[in-house]
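Engineer: Please see the structure below; I have some questions.
The values are calculated or read from the model by the stated rules, or taken from the named source; none is laboratory data. Values in this document were obtained by computation on a predicted structure and should not be read as measured data. All Cβ positions, even for glycine, are placed from backbone atoms using ideal geometry, and neighbour counts span all protein chains on display. What goes into the accessible areas is simple: the full protein's heavy atoms, side chains included, and nothing from ligands, DNA or RNA. Shrake-Rupley method; radii C 1.70, N 1.55, O 1.52, S 1.80 Å.
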Amino acid sequence: GSDTTKEESTSGTTGDTSAKLSGEVIIDGSSTVYPIMEAVSEEYGAVQPDVRVSVGFSGTGGGFKKFIAGETDLSNASRPVKDEEKAELDKNGIEYTELPLAFDGITVVVNPDNDFVDHLTVEELKALWVDNGKAKMWSDIRPEWPKEEIKFYSPGTDSGTYDYFNEVILEDAPIVSNATLSEDDNILVQGVSGDKNAIGFFGYAYYAENQDKLKDVSIDNGNGPVEPTHETIGNGDYAPLSRTVFTYVSNKAVAEKEQVADYTKFAIENAGKMAEEVGYISLPEEDYKKDLEKLAELTK
Amino acid sequence: MQKLVDKEIIAKQMSSRIIRNQMFKGLFFLSTLFGLLVLGVLFYRIITQGIGYIDLDFFQNFASRRPENAGIKAAFIGTIWLMVVVAPVSLILGVGTAIYLEEYAKKNKFTSFIKLNISNLAGVPSIVFGLLGLTIFVRALALERSVLAAGLTMSLLVLPVIIVASQEAIRSVPKELREASFAMGATKWQTVLKVVLPAAIPGILTGGILALSRAIGETAPLIVIGIPMFVAFLPKTIMDTFTVLPMQIYNWTSRPQTEFQDVAAAGILVMLVLLILMNSIAVFIRNHFQKRY
Amino acid sequence: MNVTLLRSQSEQDEKTQMTHMEKEFVYKTTDLNLWYGSTHALKNVNLDLYENEVTAIIGPSGCGKSTYIKTLNRMIEMVPGVKTSGEIQYRGRNILDKSYGVEDLRTQVGMVFQKPNPFPKSIYENIAYGPKIHGIKNKKVLDEIVEKSLRGAAIWDEVKDRLKENAYGLSGGQQQRLCIARCLAIEPDVILMDEPTSALDPISTLKVEELIQELKKDFSIIIVTHNMQQAARISDRTAFFLSGEVVEYRDTTTIFSNPTDKRTEDYISGRFG
Amino acid sequence: MNVTLLRSQSEQDEKTQMTHMEKEFVYKTTDLNLWYGSTHALKNVNLDLYENEVTAIIGPSGCGKSTYIKTLNRMIEMVPGVKTSGEIQYRGRNILDKSYGVEDLRTQVGMVFQKPNPFPKSIYENIAYGPKIHGIKNKKVLDEIVEKSLRGAAIWDEVKDRLKENAYGLSGGQQQRLCIARCLAIEPDVILMDEPTSALDPISTLKVEELIQELKKDFSIIIVTHNMQQAARISDRTAFFLSGEVVEYRDTTTIFSNPTDKRTEDYISGRFG
Amino acid sequence: MPRGNQKEYSVQQMITEKRLKKKNHFNFEKLIPGLLLLTAVLSVLTTIGIVFTLIFETFIFFDRVSIIEFFTNKKWYPFSATDASFGIMPLVVGTLKVTGIAAVVAVPIGLATAIYLSEYASEKARRIIKPILEVLAGIPTIVYGFFALTFVTPILKQLIPSLETFNALSPGIVVGIMITPMVASLSEDAMSSVPRSIREGAFALGATKLETTIKVILPAAVSGITASVVLALSRAIGETMIVSVAGGSTPNASFDVTSSIQTMTAYIVQVSTGDAGYQTTIYYSIYAVGMTLFLFTLFMNLFAQFITRKFKEEY
Ligand SMILES: Nc1ncnc2c1ncn2[C@@H]1O[C@H](COP(=O)(O)OP(=O)(O)OP(=O)(O)O)[C@@H](O)[C@H]1O
Ligand SMILES: Nc1ncnc2c1ncn2[C@@H]1O[C@H](COP(=O)(O)OP(=O)(O)OP(=O)(O)O)[C@@H](O)[C@H]1O
Ligand SMILES: [Mg+2]
Ligand SMILES: [Mg+2]
Ligand SMILES: O=P([O-])([O-])[O-]
């Protein structure tokens, strides 16, 4: 390993790190957001070595569950908080602030040996993924495609990624019942890359890192096929599957715990850079500014 | 005496019987080799994949988004912390139970119920222990995701292993030694403490080490309990949050960057070396301290 | 036939008692019966054992020798399902009485077993074990006790330079004398021995036999043996057991030269067993 | 002293050989030495064993009796680190030669052990085991063999109604006779017995002794015993072992009435052992 | 006491003094059996804890999903918001497939290894090989999981082209490998504890090692061997990470081993790592599945106990 990276990244920190802080920052939630938060925490450790940051992996909803119970300071989410969760939070008197961190493009992939699929429309996606009680053939989608059974690979139905896909594609219709669901996206990569008739979707980073084993599918949202790339996700052209990932911070924690406030500030300032490093797309600068303003409100 | 057994036929068949014996011996040997072979393949793959990441930094760094900076400090130290809780708790409870069953318990329904119960516990899936730990330690006793909560869960999980090994060890202390002690006017507890336990220690330790290596290799219960993945600090007390090797490995294997697969292999390598080390200690104890009576 | 036997035996007892007037009893056994579950292993045993003598108990395998000797220090209690009736007085008190503390009894009555059974500890620790559990902690006193006991068991010279070594490094014969020394360390009143030489080679056997002769000056010794010649060589008095009964009990010279009971004669002359 | 002994012994051998001219040797042992690692357990053993006789091997514990008898069917090979030199001819062929198949040898030479060791199977299966592994499958033949062997071991009447029951339900003496029957089932030439009665009660011992007398009509029997009376009762010829050497080997009446060697006399008269 | 020798102290006297002193003290030893009993009872409490943990949530689950559906419905599809079905059958079938394959691998190989070690190998070879095999049993299962997915599955695919990436075969084989040392080690113990004298009895009749082993040792050790197999299989049933990684997550009730499956344990992990909302039916379903799993292994173990008792070796 090398240490040079650490020094260069600490330059991104702000002035009030002069105070030596301690205490805990407890973070849990989305596994999608996890790599960003891990990176942020790693950097933060170099600035405030005495602050004890732990980041969990329980999934968006799992994270909210702990957030509702008041067990965590920040809760990562790969989708906005749901109404039911809001209700629970209100009931427990937990006030929170939503802080967007980065863009992610849910990438639809097929096996590289698949030479017929190059783009799909949103309707076709829906036709593919919604359960109709039967085994599906490629020819069911477009007649010229081969009459072979499709194998589906999807993130676990409880993940934020699935939720988002559900929201924009499935629209609450049940997913094909023979889909292989896994919380571990690498397992999905293995699945799609090993099966000629496979189709799957997951976070952009997993596609970006495994381009040799996978073939991405352009999505046509009515304006012609758009391939998921850094630009198309960042500027919103890749629709509807590009999404924002968030962290939710407890207002009370920010107000009462100096280290949480400091950490959150640090996170916002570094999120863009870190997101890029781990394979996501940073938000426009002004979005982070807005985050910082929201935070400033809380610490007043 | 009239002969019913024809020696000539027996002699004729003898060579084919001996050949059959040799053939099966080969077959049995190959089966034994199979296990060793799998172990070899596993090691080869892991070593070739992971050795490149093993250096001093790997042990000194916390987890990182950059594969080349990623280290196992938190997980490694966390695993040690876990052992610090599991070893005394499970040993005290396990050996206590074994002493009770072997030396004190009367042969009655209740005793055989306890015994039955222990052997049943030995077969309960680890994930069910995870559910137990989550409900009892993490939630009901509000220990959260601490070293203590995870340690207690793991202690219960490996308890049957230690009990059975200790029972075995205590039982193999010859009756004569107990008799010698009692004949000197020693009380039961004196006999247990001064004669039986010292003689049974090798067996107990062997069982304890094997149980411990099971405890540090288990992932499923910790996932269910929900201990965090990224921890950039070392626990200071048993009430602190922590992470352990298998969790860290699990996390690395699920990263998008292929380099992390190699980092995971490096982590696995460390884990395996640790396990082999512990097993070797167990074997050493077994071979060198086992008293021959 | 049993009745006659018992009568003749008790007459005999009176006689021997007279010739030994000066000696005290250590044990008086009265109508002892013992059952292992439903196996009647000791049947109406009446036997009085004398102080500072070697009493040998002989008889064929399974006749109850071990059972009887184990009752004398209540080791028999370790076998589940054992029932007794009758009385065994040790120095005037009935030891089968529940109120008699076994630990107390065994502090007075030492035992040496068939197979040498040293603890897997050092030679020193083996000897010091007894005094230690009884609360003697003073290092100097312990050192003294160890030396005295090892000398008493005629093994001091052989082990004095290796007291810290494990007892399992000793030969079988040495181990057995170590066990005797261990027993001497708490200065018991009586020493029970259950075939103490049956696992030893002839030379070790000889040494242990000599030792027993030596020990009877200070202790009362009760020894079970399979080997009639041994009984003849070392004991003052011999009891012959058969199927859980005492067939004959007499001073050793008489019983070997002139047995009263036909069965004793048969056994001694090797017609069975 | 050793030299004289050996000479006198071999002279004696010649004499006995003459009186038994009509009998053949089953075993001729020449200069047999055996080591367990560095323990020299058999030293220059020369011993010729006769057909259709009972040869007893006696001697104190550890003198090498078991070691010798186990070499006769090469059971000794199961002990790791055993080395031998010299020769044992069985019916004219050296069995210590590696080319001699042990399985072949053991088909000819049966063995009965100190502790009864029936297989944890039914009585029937215990007896049928030997014939079965040697390829006899025919149910009728097997039935016949089982009956004949059990009759031969004088236990048929006791077990004929419970052939399907587990052998462990039998008493110790019955188990031992069952083991003898198991051995008879493959119609061996020689039967080796290592203290076959030492774990038995007197009555069972008597039965087994009678049986041995019966068996010598058909088999050559070599028996190790601790019990001199037993050797005197049942054997035709006796070899006395001491520390791995053959001290004296003679016909039984002579050795017991008129031993040549001082050590034999000492042992027989119970002065040691 | 009438003892002739002169001495400056009497051990018996010292002992008596100490004893008197002790009598006045509180007797700590009286507490020992009680304390030890307490530790022994803890194992019972653990079981009770498990049962209670599972049972309450399971009851709530059965409040929402009928127990009849749970056991008879052939479809396990809990994630549908509109049309969820909770029939445990596919999960049970998945578990059984993996366990069955594991048994096919582990029982012959494990037994053969046990036979080699206990009957053929030299003492030294046994002392070396046994602990090495035990390492195999101690390897974290997550490691096995990726071994199955990235090594065994590709090899199997070469042999069986129709094999899916996630299937029952590969994790089954690897679970089998994992439990092989358990079968080998415990069976070896059982076989080694058959007394030498019984072996000698067979050899003395001219039996070869093979004949002795097959006809005498194996039958004599049968209860220990059965118990080891049952124990190993209950370990296979409870195995989690290997099947989670390499088995896929599509519950299906067919007995085809080449297609993706889901086992009971894998389902629990899937939900645990996901975010089943507290108090949703899915959340409670893991307890119902856990309960089923618990009962499964319980019955297996009771069966093993029964076997051991029934065929208790007597020698
Ligand atoms: N624990 C036991 N349970 C049931 N019966 C027993 C037990 N111990 C001994 N017996 C029986 O009690 C009788 C006497 O046994 P004991 O051991 O006293 O004989 P022994 O004379 O010492 O024989 P040996 O010379 O073989 O030691 C025997 O018939 C024996 O089978
Ligand atoms: N497996 C072994 N390893 C090392 N030494 C052994 C072994 N078996 C026997 N010996 C030694 O060899 C010598 C002869 O032993 P063996 O068993 O032949 O004596 P034995 O005459 O049969 O005695 P016993 O009457 O006690 O059965 C003894 O000194 C014994 O200690
Ligand atoms: Mg006895
Ligand atoms: Mg012997
Ligand atoms: O872990 P998720 O981001 O998919 O909820």
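Engineer: State the number of residues belonging to region E:85-97 that are open to solvent by 40 Å² or more (accessible area, probe 1.4 Å) and closer than 20 Å to E:V271 by Cα.
Structural biologist: 1
A quick yes/no check of all residues on (1) open to solvent by 20 Å² or more (accessible area, probe 1.4 Å); (2) at the interface with chain E (Cβ under 8 Å from one of its Cβ atoms); (3) out of contact with any Cys (no Cβ under 7 Å at 6 or more places or on another chain):
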residue: B:G40; (1), (2), (3): yes, no, yes
residue: B:D55; (1), (2), (3): yes, no, yes
residue: B:A74; (1), (2), (3): no, no, yes
residue: B:W81; (1), (2), (3): yes, no, yes
residue: B:V86; (1), (2), (3): no, no, yes
residue: B:Y100; (1), (2), (3): yes, yes, yes
residue: B:K107; (1), (2), (3): yes, no, yes
residue: B:L116; (1), (2), (3): yes, yes, yes
residue: B:P125; (1), (2), (3): no, yes, yes
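Engineer: On the basis of being crowded, with 24+ Cβ neighbours inside 10 Å, among the hydroxyl-bearing types (S, T, Y) and under 22 Å from E:M264 (Cα atoms), does B:S90 make the cut?
Structural biologist: For B:S90, the condition - crowded, with 24+ Cβ neighbours inside 10 Å, among the hydroxyl-bearing types (S, T, Y) and under 22 Å from E:M264 (Cα atoms) - is not met.
Engineer: Is there a residue being at pLDDT 90 or above and of a type in the set (D, E) anywhere in region C:124-135?
Structural biologist: yes
Engineer: Does region A:123-156 hold any residues that are among the basic types (K, R) and surrounded by fewer than 18 Cβ atoms within 10 Å (Cβ to Cβ), and which are they?
Structural biologist: A:K126, A:K134, A:R142, A:K147, listed by residue number.
Engineer: Same structure, new question: Only strands (runs of 3 or more DSSP E) wholly contained in region D:209-255 count here; list those with 3 or more residues that are under 27 Å from D:A154 (Cα atoms).
Structural biologist: D:220-224
Engineer: Limited to region D:26-50, what total is found for residues that are more than 12 Å from ligand 2 (Cβ to nearest atom) and either open to solvent by 50 Å² or more (accessible area, probe 1.4 Å) or within 14 Å of chain C (Cβ to nearest Cβ) (or both)?
Structural biologist: So the answer is 5.
Engineer: If you take the residues in region A:69-84 that are surrounded by fewer than 22 Cβ atoms within 10 Å (Cβ to Cβ) and closer than 21 Å to A:A267 by Cβ, which one is farthest from ligand 2 (Cβ to nearest atom)?
Structural biologist: A:P80
Engineer: In the set E:A106, E:A137, which member is in a helix (DSSP H, G or I), in contact with a helix residue (DSSP H, G or I) (Cβ under 6 Å, 6 or more places away or on another chain) and modelled with pLDDT of 90 or more?
Structural biologist: E:A106 is the lone residue from the list that is in a helix (DSSP H, G or I), in contact with a helix residue (DSSP H, G or I) (Cβ under 6 Å, 6 or more places away or on another chain) and modelled with pLDDT of 90 or more.
Engineer: Among the residues of region D:168-186 satisfying the criterion of being modelled with pLDDT of 90 or more and small (G, A, S), which is farthest from D:I136 (Cα to Cα)?
Structural biologist: D:A181
Engineer: Counting only residues that are away from every other protein chain (no Cβ under 13 Å), on the phi > 0 side of the Ramachandran plot and within 16 Å of ligand 1 (Cβ to nearest atom), give me the strands (runs of 3 or more DSSP E) lying completely in region D:52-112 with at least 2 of them.
Structural biologist: Fully inside region D:52-112 and qualifying: nothing.
Residue-wise test of (1) in a helix (DSSP H, G or I); (2) among the hydrophobic types (A, V, I, L, M, F, W, C); (3) under 18 Å from the mean Cα position of the chain (by Cα).
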| position | (1), (2), (3) |
| --- | --- |
| E:P154 | yes, no, no |
| E:E164 | no, no, no |
| E:I179 | yes, yes, yes |
| E:V216 | yes, yes, no |
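Engineer: Considering (1) in contact with a strand residue (DSSP E or B) (Cβ under 7 Å, 6 or more places away or on another chain); (2) more than 13 Å from chain C (Cβ to nearest Cβ), say which one D:T225 fails and leave the rest.
Structural biologist: (2)
Engineer: Follow-up question, since we're still on this one. Evaluate region C:151-168: report whether one residue or more is within 11 Å of another protein chain (Cβ to nearest Cβ), in a loop (DSSP other than H, G, I, E, B) and more than 16 Å from ligand 4 (Cβ to nearest atom).
Structural biologist: no
Engineer: Also: Mind listing whichever residues of region E:251-267 are in contact with a Ser or Thr (Cβ under 6 Å, 6 or more places away or on another chain) and either open to solvent by 10 Å² or more (accessible area, probe 1.4 Å) or assigned to a helix (DSSP H, G or I) (or both)?
Structural biologist: E:T258, E:M264, E:T265, E:A266
Engineer: Right, next: Take the conditions outside any helix (DSSP H, G or I) and surrounded by 24 or more Cβ atoms within 10 Å (Cβ to Cβ) and apply them to E:A207. Does it pass?
Structural biologist: Yes: the conditions hold for E:A207.
Engineer: From D:S220, D:S235, D:S204, D:S198, which residue is within 16 Å of ligand 1 (Cβ to nearest atom) and out of contact with any Gly (no Cβ under 9 Å at 6 or more places or on another chain)?
Structural biologist: Only one candidate passes the filter, namely D:S198.
For every residue, the table says whether it meets (1) part of a helix (DSSP H, G or I); (2) modelled with pLDDT under 90.
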position	(1), (2)
B:Q2	no, yes
B:L30	yes, no
B:G52	yes, yes
B:A75	yes, no
B:P88	yes, no
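Engineer: Taking region A:46-63 as the search range and keeping residues that are more than 30 Å from E:I282 (Cα to Cα) and in a helix (DSSP H, G or I), which one is nearest to the other protein chains (Cβ to nearest Cβ)?
Structural biologist: A:A46
Engineer: Taking region E:184-204 only, how many residues are open to solvent by 10 Å² or more (accessible area, probe 1.4 Å) and not in a loop (DSSP other than H, G, I, E, B)?
Structural biologist: Result for region E:184-204: 10.
Engineer: Under 23 Å from the mean Cα position of the chain (by Cα), at pLDDT 85 or above and charged (D, E, K, R) - does that describe any residue in region E:236-247?
Structural biologist: yes
Engineer: Just to be sure I understand, how many residues within region C:112-158 are within 16 Å of ligand 3 (Cβ to nearest atom) and open to solvent by 10 Å² or more (accessible area, probe 1.4 Å)?
Structural biologist: 4
Engineer: Search region C:106-120 for residues that are within 16 Å of ligand 2 (Cβ to nearest atom) and pair each with any residue that is open to solvent by less than 20 Å² (accessible area, probe 1.4 Å) and among the polar types (S, T, N, Q) when their beta-carbon atoms are under 6 Å apart and the residues are at least 6 apart or on different chains.
Structural biologist: Final answer for the pair search is C:P116/C:Q176.
Engineer: Here's a follow-up. Is it fair to say C:E77 is crowded, with 17+ Cβ neighbours inside 10 Å, among the acidic types (D, E) and within 18 Å of the chain's Cα centre (by Cα)?
Structural biologist: no
Engineer: Among residues belonging to region C:173-186 that are in a helix (DSSP H, G or I) and farther than 19 Å from B:A199 by Cβ, point out the one that is most open to solvent (accessible area, probe 1.4 Å).
Structural biologist: Taking the candidates together, the pick is C:Q174.
Engineer: Please verify whether C:D261 is more than 30 Å from C:E103 (Cα to Cα), more than 16 Å from ligand 5 (Cβ to nearest atom) and touching a strand residue (DSSP E or B) at 6+ places or on another chain (Cβ under 6 Å), treating the condition exactly as stated.
Structural biologist: For C:D261, the condition - more than 30 Å from C:E103 (Cα to Cα), more than 16 Å from ligand 5 (Cβ to nearest atom) and touching a strand residue (DSSP E or B) at 6+ places or on another chain (Cβ under 6 Å) - is met.
Engineer: Only one of C:E187, C:E195 is more than 14 Å from chain E (Cβ to nearest Cβ), away from ligand 5 (no atom under 16 Å from the Cβ) and charged (D, E, K, R); which?
Structural biologist: Answer to the selection: C:E195.
Engineer: Then there's this: Can you tell me which of (1) away from ligand 2 (no atom under 13 Å from the Cβ); (2) touching a residue at least 24 places away in the same chain (Cβ under 8 Å); (3) not aromatic (F, W, Y) is the one C:E187 doesn't meet?
Structural biologist: Every listed condition holds for C:E187 apart from (2).
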